[in-house]
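> Let me give you the structure first, and then I'll get to my questions.
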Amino acid sequence: EIPVTYRMDLTVVSAFLAFLPTLAAFLILMNKIPKSADPDDLSAQAHVDAEKRAPHLWILLAAVLIAIGVCAMHYTGMYALECAATPHLRPGIIALSGVVALCAATAAIHFMYILPGTMLYGL
């Protein structure tokens, strides 16, 4: 069994590295995404209309901010780990984790803000 501890200072920093970009992303989304005309309309046409009026560049910017925050939090948290084992970070895996974070953030934003039925639960 390998004893594991965490550096508290870096653990706290990692939380803020996730929180601050995500907060900025939500502030962008709150100001740039128009509310649905009829949030109870779940028809296919309502989804098409929501997709057409969605500010895609702002959504992508928000997703990039969230992905940066998630990756920064994750890798800062890994750096805070203190144990006898040595982590081996591979650039390709780090890049892949960034792509996964970006795709997940974009999908989450799409479901939360673009689909008319989910706008009832938005910020």
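The values are calculated or read from the model by the stated rules, or taken from the named source; none is laboratory data. Everything numeric in this text was worked out from a predicted model, so none of it was measured. Cβ atoms come from the backbone with ideal geometry, glycine included; neighbour counts cover every protein chain shown. When the accessible area is computed, the model is the full protein with side chains, heavy atoms only, and any ligands, DNA or RNA have been set aside. Shrake-Rupley method; radii C 1.70, N 1.55, O 1.52, S 1.80 Å.
> Stretch Glu82-Val48 to full length: gain in nm at 0.36 nm per residue minus the Cα-Cα span?
7.2 nm
> Put +1 on the Cβ of every Lys and Arg and -1 on every Asp and Glu Cβ in the chain; which of Phe19, Leu96, Val48 then has its Cα farthest towards the positive end of the dipole?
My answer, from the dipole projection, is Leu96.
> Turning to a different aspect of this structure: Classify the chain as rounded, prolate or oblate, taking a ≥ b ≥ c as the square roots of the eigenvalues of its Cα gyration tensor: rounded when a/c is under 1.5, otherwise prolate if a/b is larger than b/c and oblate if not.
prolate
> Also, quick follow-up: With the other protein chains left in place, how much accessible area per residue, in square angstrom, belongs to the chain at a 1.4 angstrom probe?
Dividing the accessible area of the chain by its residue count gives 66 Å².
> Let me ask something else about it. To the nearest 20 debye, what charge dipole does region 1-101 have about its Cα centre, counting +1 at the Cβ of each Lys and Arg and -1 at the Cβ of each Asp and Glu?
320
> Carbon and sulfur together cover what percent of the accessible area of the chain at a 1.4 Å probe radius?
73
> Which helices, counted as full DSSP H runs in the chain, have an axial Cα extent of no less than 30 Å and a Kyte-Doolittle average of 0.0 or above?
Answer set is 8-32, 56-80.
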